[in-house]
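The values are calculated or read from the model by the stated rules, or taken from the named source; none is laboratory data. Since we're looking at a predicted model, the values are computed, not measured. Note that we place each Cβ from the backbone using ideal geometry, even for glycine, and neighbour counts take in every protein chain shown. Accessible surface areas use protein heavy atoms only, side chains included; no ligands, DNA or RNA. Shrake-Rupley method; radii C 1.70, N 1.55, O 1.52, S 1.80 Å.
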Amino acid sequence: MTLSQEQAYAYLLQLFADLLKFPDEELYDQLLNGDIDSRINKLGAAAGKEIRVDFRPEIGSYDSLVHDYNNCFLGFSGSAALPVESLYMVWTVDQSYHLPYKNEKGHLMSDSALHIRHILQELQLEIPPEYELMPDHLVILLELKAYFLANGLFEEAIQFCREHLDWLDEYYSILKAKQPQSFYLKVIRKLNEILH
């Protein structure tokens, strides 16, 4: 079956979303045997994206991958960088709010999270329980952009990227400062390449 550029790009984004979820043993095996590398490289070519990955040499044991995930995204080492848009955007631009942190960054459930929740409700898509308090988690954002592409909503996909994925350069810098040797840092760098 031949994929259109948009379909290939949607599958590619979904694959990156899967890489940013808690790693199960099946994903680990696919990383270890090079299947993920092969799929990303083929989908990237079909999507017209200049991307080549070689994650396999970065993979240690399954336990080390889980440890890396926990350190990067859950803060078990005290230096996590949660990939949630709200944390990197001003909490609200609504001047009617009288909260002391309304113009600050670093808080969950900002305007961006509420916007994503609204989009998901309008599309009748469910938020998985683990992302309920952070609907603007990078996994959800990638899956939503993939949904737009897979359903021929190309203008919406472009606008969505402008509105909700413009914080990833800042996120990459923060993650690099906290976890410079992380496998997930390499995933974010490659994701940035395909989104630009």
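Skip the ligands, DNA and RNA, and give the accessible area per residue of the chain with a 1.4 Å probe, whole Å².
52
Remark: region 41-87 is approximated by an ellipsoid whose semi-axes, taken from the C-alpha gyration tensor as √(5λ), come to 27, 18, 6 Å, largest first.
Take the convex hull of the alpha carbons in region 27-66; its mean projected area over all directions comes to 2.8 nm². Fully extending the segment from L32 to N151, taken as 0.36 nm per residue of separation minus the present Cα-Cα distance, adds 39.6 nm. Calculated on the alpha-carbon coordinates, the convex hull of region 114-196 measures out at 107 cubic angstrom per residue. Between L65, L120, L165, the GNM of the chain built on Cα springs shorter than 10 angstrom shows L120 fluctuating the most.
Across H115, H137, H164, mean-square fluctuation computed from a Gaussian network of the chain (C-alpha pairs under 10 Å connected) peaks at H115.
Shape analysis of region 1-83 yields a ratio of the Cα radius of gyration to the Kirkwood radius, Rg/Rh, of 1.03.
For the chain, the carbon plus sulfur part of the accessible surface works out to 51%, probe radius 1.4 Å.
The distance between label points at L114 and L74 comes to 3.1 nm (points 7 Å beyond Cα on the Cα→Cβ vector).
How much space per residue, in cubic angstrom, does the convex hull of the C-alpha atoms of the chain take up? Walk me through the numbers on the way to the answer.
Numbers: hull volume 25.6 nm³, N = 196.
Dividing the Cα hull volume of the chain by its residue count gives 131 Å³.
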